[in-house]
Each structure stands twice: as structure tokens, then as C-alpha cells.
Amino acid sequence: MSELLTVAHLSKQFGPHPVLRDISFSLNQGEVLAVLGRSGCGKTTLLKTLAGLEAPDEGTLLLQGRDLGPVPPNERQMVYIYQEPLLFPHLTVFENVAFGLRIRNVAKAEIDRQVRELLDELDLREHARKAPNQLSGGQRQRVSFGRALIIRPRLLLLDEPFGNLDAQTRADMQQLFLRVSRQHQITSLFVTHDSREALTVGTRFGYLDQGQLTSFASVAGFVQDARTAIRSELAFWESIRHALPSGPPTA
Amino acid sequence: MSDVPFRSGRSLLASRSLLALYGLLVVGLPLAGLAYALLGSVGLAGPLAAGFTGRYWQALGTDKDLLYAALYSGWVAGASVGISTALALLLVLRAQPTLRRWPLPGLLYVPLLMPSLVVGFYLFQLLSRTGWLSRISFRLGLIPRLESFPELVQDGAGIGIILAHVLLTFPFFTLLFRAIYQETRLDEYRQLTLTLGASRGQFRRRVAGPVLLRRAAPTLLLSFIATLGAYDIPLLLGRPYPQMLSVYIATRLQRFDLRELPAAYLAGFLVAAGLLGLISLLLRLIRQTQVR
Amino acid sequence: MRSRLLITLLLLLFGLPFGLLGLLAVGEHWRFPAALPPAYSLDALRSLLAADNDLLLGLGRSLLLAGTVALLATAGGFGLARAITRSRWATRWEAASYLPYALPPVLLAVLIQPFVIRLHLSGSVGGVLLGLLLVALPFATLLLRSFWSAQITEYEHLARTLGCTPRQAMRRVLLPLAGPLLRTTLVQTFLLSWFDFGLTNVLSVGKVHTLTVQVFAYVGEANAQLAAVASLLLLLPPAVLLLLNKSALLRKP
């Protein structure tokens with residue numbers, strides 16, 4: 001696998017408050033780096049800096065060896081996906097997905113073909129003509145995915161993308177994300193505060209706290225680290241299991 | 001590319017120079033006008049400025065015209081806003097279902113489309129002693145002579161001016177109160193207070209009325225200030241004496257006798273300063289409501 | 001029953017102005033104490049069609065002035081509201097925007113007149129425009145402040161990562177999102193300058209004959225018929241705006 005993104009010694013301060021402290025990591029093509037972090041840990045600033053929406057105070061970003069510093073956000077091909085789907089309310093589902101191609105002046109027939117294909121894949125075909133406010137929460141987030149995928153992003157930046165969904169829809173969306181990621185060989189940085197979600201979607205793992213990123217070489221390291229609180233969670237379920245009477249439940 | 005970082009130095013500079021120009025226009029120009037009026041009132045600015053003098057300020061002690069104009073404006077504004085508020089509250093609290101029936105929702109917008117000058121002209125044509133109502137009353141034999149029709153416009157108490165302002169303001173207040181009623185979900189509060197054992201009247205007096213008035217307070221005060229400085233309506237429906245503030249200052253400044261200018265500048269300065277005090281009170285009120 | 005009475009009463013209250021003004025506009029030789037005009041004629045209204053009619057010129061002048069004020073104030077207010085949102089002193093700028101409200105338009109006109117004279121704008125359309133903008137611009141700015149929320153910044157950021165240049169993000173995302181509020185601001189600032197009499201009259205020294213100035217002049221000449229025609233013309237554009245706005249409201253899903 002080739003190295004896609006290299007981040008070295010990234011730092012950023014807002015006034016006197018350091019938000020990112022000396023962050024370094026690299027990502028290979030097709031990897032999903034799942035970063036666990038609670039609110040206020042600096043995750044949004046990290047993603048916005050990668051997207052070019054915030055300028056770092058120090059540090060370098062390399063994409064396939066090319067310095068990203070002077071590249072504006074619209075030329076980075078890195079799509080930021082928010083907790084809110086932020087569908088454009090003045091456009092239909094079809095036009096929301098087509099947005100990235102329209103601004104690139106892609107031929108109409110080509111747009112039609114690509115959007116149809118993607119809507120089929122995301123199971124949104126019958127909603128193409130609907131307005132965003134006619135969709136459910138899960139459908140909206142799928143449209144938001146489609147809108148990002150259509151421009152074949154080099155990197156997806158996901159900021160708690162399923163945070164507002166109910167448990168069942170959330171699980172469905174995680175599976176959809178996995179399927180689409182593998183199929184399109186998409187590289188992404190997925191920030192979440194849910195350790196279970198991190199373990200479901202990630203191929204590599206990190207922990208972000210007070211602007212400092214810890215990368216783990218293996219799943220085991222991630223699970224063992226006390227700060228991720230995965231061990232205490234496991235212990236909790238274990239204790240429940242022990243407390244239950246053995247054997248199948250009777251009606 | 002020049003637009004990296006995202007908020008480039010250039011766009012920041014453009015936004016700062018835009019604000020600087022805005023400040024010059026919106027703050028600089030009125031304040032310069034205020035300073036000019038102050039200098040004019042002490043004989044340091046204006047066409048006949050002859051050096052510093054305190055005599056126009058001293059004359060304030062004997063000349064009560066400005067004070068009367070202020071008191072008269074206060075009376076008109078207080079009465080107009082008070083009556084409009086009472087009418088609007090009455091409509092929203094006692095006739096809520098009717099307000100939803102055709103054609104009322106649209107009808108209440110109609111007065112918002114009327115320039116105050118037109119309302120002034122219309123009320124003059126309707127209510128003056130030679131106006132339509134007087135003619136109809138005369139034809140119907142309700143009044144024996146033209147003089148017997150009550151003085152409703154250009155009267156001493158400002159009834160015509162107040163009526164015109166009420167006609168323009170109370171529909172707006174009604175729309176405002178209705179919007180607040182829905183926004184604060186007062187209907188749900190009504191059901192709640194009824195289950196707590198309150199009567200409908202108690203709900204209106206103790207819950208709905210206070211909530212509506214408190215939330216609308218900034219708008220009511222803004223409306224009071226606007227009526228205080230009203231010009232078009234008192235110009236058509238008012239008397240030469242007493243005059244409302246705007247008419248008083250404008251007529252004094254437009255007189256041909258230039259020697260009256262300093263006194264007019266003084267009046268303009270005092271009124272502007274007073275109103276600025278009122279608006280700062282209003283801003284504090286708005287901030288308090290926002291915090292709440 | 002009571003409800004029908006209330007509706008009738010309000011219909012009468014708000015309908016009567018149009019009735020009486022209409023009667024005055026078409027009534028001929030209507031003198032005291034006749035309750036109704038002895039004869040009716042459409043002459044005053046028909047004369048509007050003549051090319052050099054004063055009222056028609058006034059209507060055109062008022063439309064042009066109010067339209068220009070609305071466009072400038074709305075466009076300026078949109079940019080200013082954004083600049084204020086980004087500024088470190090946002091609350092102070094907002095407070096400053098209330099300043100022109102504190103002063104009645106006539107008083108404001110009186111205060112700035114010495115400077116308008118010095119700028120050689122007294123008695124000109126430019127001077128009136130400056131005065132009207134002084135009121136309309138902060139009004140539009142305050143109205144449009146609510147648009148620039150944190151969510152709008154996120155929409156803008158999203159558009160940029162999807163490949164929009166700043167200009168494309170403005171044209172394809174921000175302006176469509178602001179559409180309804182921009183329309184409201186256009187209408188409100190248009191009406192603000194359309195309704196104005198005092199400020200225009202003071203700053204134009206009676207030389208810029210907008211419709212309101214004409215109404216006042218006809219009232220001064222005791223020409224009730226022409227004053228009524230001018231008043232009806234003044235009511236026309238706001239009524240059209242109300243109807244348009246209503247249909248726009250109905251079209252919403």
C-alpha cells in the first residue's frame with residue numbers, strides 16, 4: 001500500500017489556548033483511521049485543518065508527497081462530513097448528489113449516469129425528486145454520503161457523522177459505510193466518541209485528547225489503553241453475563 | 001492561490017474597510033451632526049456664528065416651548081402605544097379563534113401598507129368639521145350646524161394624531177402578540193394553568209398578559225420612540241401650538257429668520273440626546289430579553 | 001355572532017380609507033355639506049396617462065429612488081452583516097446600527113443637513129439617497145444579521161470541500177439559502193423609503209418631488225382630488241407587494 005497522507009508536527013492555537021499539539025500520523029490508501037475523542041478534544045479543528053478550512057500555526061501536510069499548504073479547500077478533494085447532513089434545502093436529492101459534478105461543469109449525460117448509479121447503490125433511487133425535508137434522518141445522511149462520494153474524494157473527513165441517528169439506523173449506516181469504503185477503496189479519517197463505532201469502522205485506531213493524538217499499532221493496543229475505557233466496558237458486560245443464570249431463558 | 005488560509009488577509013481587509021465605511025456613515029455622520037448642533041447652539045457654528053455665547057442655553061429657563069413640545073409628544077406617544085397595546089391584547093386574548101378566520105390574517109397586514117402621510121390625509125378628510133363624517137351627520141340631522149361637530153382633528157388634545165397612530169399600530173401589535181402567543185406555546189400553558197385550577201380570566205391576567213408584554217417590550221418601546229418623533233401625521237393633523245417635537249424643530253429650522261437658528265440647533269441637540277438615552281435603555285432591555 | 005361583528009368592524013375600519021380616497025379621486029365639485037359628490041368623472045385618473053403628467057413622473061421618481069435604496073441597502077446589508085458577524089466587536093457594531101433609529105428621520109435629516117450642503121448634495125436626488133440609506137442600511141444589516149449563523153458557516157465550508165471556489169459557494173449555496181430573507185429585506189427597505197416624507201422633504205428642500213412630497217403639496221393647495229389620486233398611487237406598490245408575497249407564501253411546501 002502506498003502512503004497517501006502524511007501529517008507532521010501539526011499545531012494550532014486559538015488565542016492562548018492550544019487546540020492541536022504536535023500531531024503526526026500517516027495514512028495509506030484505503031485505510032480508515034478511527035479516532036476516538038470526546039467533545040472539545042480538538043477533533044473538529046483537526047479535520048478542518050486537513051480540509052484546508054483552518055490554517056495550522058505549525059506543521060506540514062503532504063498528500064502523495066505534495067505539500068498541501070498552499071492548496072485551497074476546493075482543490076484538495078477532501079470532503080468534510082458533518083454530524084448534521086447539511087443537505088442544500090433549495091436542491092432536490094438528485095441535485096444535492098449532483099452538486100460536486102455541476103460545479104465542475106461535467107457533461108449533463110455523464111452527471112445523470114453517475115448520480116443514478118450512486119443513488120441506486122445507496123438505495124435512494126425512488127427519493128431522487130424529493131426535497132431534503134421529506135427524508136428521514138438516515139436517508140439524509142445517505143444523501144450527504146452520496147454528495148461526497150460522487151467527486152471521488154481522496155480523503156473523507158467524518159466528524160461524528162452518525163451522532164444524531166437512532167441506534168438501529170446508526171448500525172445500518174456503519175455497515176453501509178464499511179461496504180462503500182471497501183468497494184471504492186476510500187481512505188478516511190473517522191472521528192467518533194463511541195468506542196464501539198470506532199472498532200466497527202476502523203482499520204487503524206487513534207485517541208485524541210486535549211489536542212494530542214495517540215496512534216495505536218494494533219487493535220489490541222487500542223483496547224488495552226485505559227483512556228479508551230473499552231476494558232472497563234468489557235468488564236461491565238462480563239459482570240452482567242456472570243450475574244445471569246446459565247442456560248437458555250424459559251418462557 | 002491567494003485564498004489560503006481559508007479566511008485570507010485580503011477578505012479580512014475588505015471586511016474591515018467595509019465596516020470602517022459603515023461606521024463613518026452610520027455613527028460618524030449623525031454624531032458629527034449632533035456636534036455641529038451643539039456648536040451651533042453656543043454660537044460657534046452656523047451661518048451667523050458670532051463667537052461663543054451661552055444665552056440660548058440660558059433662555060431655556062424662560063422659554064417653555066420645547067418643554068411643552070416634549071410633554072405633548074410624550075402624551076401622544078404614550079396614549080397611542082397604550083391604546084394600541086390594549087386593543088391588540090384584547091384581540092389576541094379574547095378573540096383568538098376569530099383572528100384565524102378569513103379574511104382577518106390578511107386584513108391585519110393592510111395598515112402596514114399605508115404611508116402615515118396618507119393616513120393623515122384620510123383622517124383629515126374623514127374627521128374634520130368639513131369632513132365626511134361631519135357631512136353625513138349633518139345630512140342625517142344629527143348636528144344642526146357645522147360647528148357642532150366635535151373637534152377631532154387639529155384639536156388641542158391631539159385626538160386625531162392619536163387615532164391615526166392607533167390605526168397604524170394596533171394591527172401590527174396584534175400580529176406581534178399572536179406570533180409570540182404561538183412561539184411561546186401559550187396554548188399549552190393555558191391547558192396547564194386550567195388543570196392547576198386557574199380560571200380563564202386568571203390565565204389571561206396572570207400568565208398570558210405578562211408573558212406577551214414582557215416579550216414584546218422592546219418592540220413596544222421602539223414604537224413609543226418612533227411615535228415620539230413622528231412628523232407626517234402631526235404635520236397634517238396637529239395644531240401650530242402645541243406641536244410635537246419633530247414638527248417643532250423642523251419648522252423652527254425652516255424659518256427665514258436666521259437668528260432663530262441657534263435656538264433650533266439647541267432644541268435638535270437636546271431632543272437627539274434625550275432619544276439616544278432612551279434607545280440605550282432599549283438596547284439594555286433587548287439584551288436582557290435575549291439572556292432570558 | 002360576536003365574531004362576525006368583529007370581522008365586519010375591522011373590514012369597515014381598514015376598507016374605509018380606500019373607499020373615501022376613491023370617492024375623493026373620482027368626485028367632481030364635491031363641496032360642503034354634500035355627503036356624496038354631485039358628479040363623478042375619471043378625468044383625474046385618465047390624465048395620469050398623459051406623458052408629461054406630474055403625478056406619473058412622481059411615481060416613476062419614487063419607484064426609482066425606493067428601488068435603488070432597496071437594492072443598495074440589501075446588498076450592502078448582506079455584506080455588512082457578514083463582516084459584523086466575523087468582527088471581534090460584533091455587539092458594538094450591532095448597537096451602533098441602532099443609532100439611526102434613535103433619531104426620528106426628520107431630526108436625522110436636520111442634523112446631517114449642514115454636511116449634505118457642504119457635499120453639494122442639498123436639494124439633489126443624491127442627498128435624499130444618502131439620507132435614506134443612512135436609515136435603510138442599518139435596518140437591512142440588523143435584519144440580515146440572523147442569516148450568518150454558525151450553521152451557514154458550516155454550509156459554506158462544506159461547499160468549499162466539495163470543490164466550490166469562494167465565488168461559487170456564494171452564488172450556488174449562500175445566496176439561495178439567503179433568498180427568502182433577502183426578499184423580505186428588499187421589500188422592507190423599499191417600503192421604508194417609499195413611505196418616507198419628512199426626511200426627503202427636508203434634504204431635498206422641496207426640490208425632489210417624490211409621491212409623498214406631492215401628496216403634501218396637493219394637501220397644502222387644498223386640492224383633495226389630486227391628493228387622493230396621489231395617495232392611491234402610493235398605496236398601489238405596497239398592495240402589489242402584499243399580493244406577491246402572499247402567493248409566494250402559498251407556494252411553499
(Q) Taking the condition of being surrounded by 22 or more Cβ atoms within 10 Å (Cβ to Cβ) and either within 13 Å of chain C (Cβ to nearest Cβ) or within 12 Å of the chain's Cα centre (by Cα) (or both), how many residues in region B:221-246 meet it? (A) 15
Q: Considering only region A:67-96, state which residues are more than 11 Å from chain C (Cβ to nearest Cβ) and not small (Gly, Ala, Ser).
A: A:67, A:68, A:70, A:71, A:92, A:93, A:94
Q.
Yes or no: region C:29-47 includes at least one residue that is more than 11 Å from every other protein chain (Cβ to nearest Cβ), under 30 Å from residue B:108 (Cα atoms), in contact (Cβ under 8 Å) with a residue 60 or more places away in the chain and in a helix (DSSP H, G or I).
A. yes
**Q.** Considering residues of region C:10-26 that are within 7 Å of chain B (Cβ to nearest Cβ) and of a type outside the set (A, V, I, L, M) only, the residue surrounded by the most Cβ atoms within 10 Å (Cβ to Cβ)
**A.** C:17
Q: Inspect all residues belonging to region B:173-193 and state whether any of them is of a type outside the set (Ser, Thr, Tyr) and closer than 28 Å to residue B:68 by Cβ.
A: no
Q) Take the residues of region C:133-158 that are open to solvent by less than 40 Å² (accessible area, probe 1.4 Å), of a type outside the set (A, V, I, L, M) and without any contact (Cβ under 8 Å) to a residue 40 or more places away in the chain: which is farthest from the other protein chains (Cβ to nearest Cβ)? A) C:156
Q.
Let me confirm something: among A:42, A:65, which residue is touching a strand residue (DSSP E or B) at 6+ places or on another chain (Cβ under 6 Å) and modelled with pLDDT under 90?
A. A:42
Q) Does region A:16-28 include one or more residues that are assigned to a helix (DSSP H, G or I) and β-branched (Val, Ile, Thr)? A) no
(Q) Given the condition charged (D, E, K, R), free of Cβ contacts under 8 Å to residues at least 12 places away in the same chain and either within 14 Å of chain C (Cβ to nearest Cβ) or under 17 Å from residue C:154 (Cα atoms) (or both), answer yes or no: does some residue in region A:142-156 qualify? (A) no
Q: Could you tell me whether any residue of region A:108-130 is among the charged types (D, E, K, R), more than 14 Å from every other protein chain (Cβ to nearest Cβ) and crowded, with 17+ Cβ neighbours inside 10 Å?
A: yes
Q: Residue by residue through region C:160-187, note down the ones that are within 12 Å of chain B (Cβ to nearest Cβ), in contact with a helix residue (DSSP H, G or I) (Cβ under 7 Å, 6 or more places away or on another chain) and more than 27 Å from residue C:231 (Cβ to Cβ).
A: C:160, C:161, C:164, C:165, C:169
Q. Does any residue of region C:200-209 turn out to be within 18 Å of residue A:104 (Cβ to Cβ), in contact (Cβ under 8 Å) with a residue 12 or more places away in the chain and open to solvent by less than 40 Å² (accessible area, probe 1.4 Å)?
A. no
(Q) Test of understanding: among C:190, C:115, which residue is over 30 Å from residue B:40 (Cβ atoms) and either surrounded by fewer than 19 Cβ atoms within 10 Å (Cβ to Cβ) or in contact with a helix residue (DSSP H, G or I) (Cβ under 6 Å, 6 or more places away or on another chain) (or both)? (A) C:190
Q.
Give all pairs with beta carbons closer than 6 Å in which a residue from region B:110-131 that is more than 7 Å from every other protein chain (Cβ to nearest Cβ) meets a residue that is open to solvent by 30 Å² or more (accessible area, probe 1.4 Å) and among the polar types (S, T, N, Q); count only pairs at least 6 apart in sequence or on separate chains.
A. B:131/B:125
Q: Being away from every other protein chain (no Cβ under 14 Å) and open to solvent by 30 Å² or more (accessible area, probe 1.4 Å) is the filter here, so list the residues in region B:28-50 that pass it.
A: B:50
Q. Residue B:71 versus (1) surrounded by fewer than 16 Cβ atoms within 10 Å (Cβ to Cβ); (2) over 21 Å from the mean Cα position of the chain (by Cα); (3) aliphatic (A, V, I, L, M): which is the lone unmet condition?
A. (2)
Q. Is at least one residue of region B:200-220 in contact (Cβ under 8 Å) with a residue 40 or more places away in the chain, assigned to a helix (DSSP H, G or I) and within 13 Å of chain C (Cβ to nearest Cβ)?
A. yes
Q | Single residue of A:171, A:167 found to be of a type in the set (Gly, Ala, Ser), more than 20 Å from residue A:149 (Cβ to Cβ), under 18 Å from the mean Cα position of the chain (by Cα) and modelled with pLDDT of 90 or more | A | A:171
Q: With a cut-off of at least 3 residues that are in contact with a Ser or Thr (Cβ under 8 Å, 6 or more places away or on another chain), name the helices (runs of 4 or more DSSP H) lying wholly within region B:73-187.
A: B:96-100, B:116-127, B:159-183
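One line per residue, one yes/no per condition, for (1) surrounded by fewer than 21 Cβ atoms within 10 Å (Cβ to Cβ); (2) closer than 30 Å to residue C:170 by Cα:
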site: A:3; (1), (2): yes, no
site: A:13; (1), (2): yes, yes
site: A:25; (1), (2): yes, no
site: A:41; (1), (2): no, no
site: A:60; (1), (2): yes, yes
site: A:70; (1), (2): yes, yes
site: A:76; (1), (2): no, yes
site: A:100; (1), (2): no, yes
site: A:103; (1), (2): yes, yes
Q. Do we find that residue C:161 is touching a Pro at 6+ places or on another chain (Cβ under 7 Å) and crowded, with 20+ Cβ neighbours inside 10 Å in this structure?
A. yes
Q | Residue count, region C:97-130 (criterion: over 24 Å from residue B:234 (Cβ atoms), assigned to a helix (DSSP H, G or I) and of a type in the set (Ser, Thr, Tyr)) | A | 1
Q | Candidates A:187, A:192, A:169, A:200 - the one that is open to solvent by 40 Å² or more (accessible area, probe 1.4 Å) and of a type in the set (Val, Ile, Thr) | A | A:200
Q: Using the structure shown, decide if residue B:81 is in contact with a helix residue (DSSP H, G or I) (Cβ under 8 Å, 6 or more places away or on another chain), more than 7 Å from chain C (Cβ to nearest Cβ) and either within 30 Å of residue C:226 (Cβ to Cβ) or surrounded by 16 or more Cβ atoms within 10 Å (Cβ to Cβ) (or both).
A: yes
Q | Criterion violated by residue C:38 - all others in (1) in contact with a His (Cβ under 7 Å, 6 or more places away or on another chain); (2) modelled with pLDDT of 85 or more satisfied | A | (2)
Q: For residue B:54, state whether it is farther than 29 Å from residue B:178 by Cβ, modelled with pLDDT under 80 and loosely packed, with under 15 Cβ neighbours inside 10 Å.
A: yes
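The values are calculated or read from the model by the stated rules, or taken from the named source; none is laboratory data. It should be emphasised that the depicted structure is a prediction, and the values quoted were computed from it without experimental measurement. Here Cβ is always computed from backbone atoms with ideal geometry, including for glycine, and neighbour counts include all displayed protein chains. Surface areas here come from the heavy atoms of the whole protein model, side chains and all, with no ligands, DNA or RNA. Shrake-Rupley method; radii C 1.70, N 1.55, O 1.52, S 1.80 Å.
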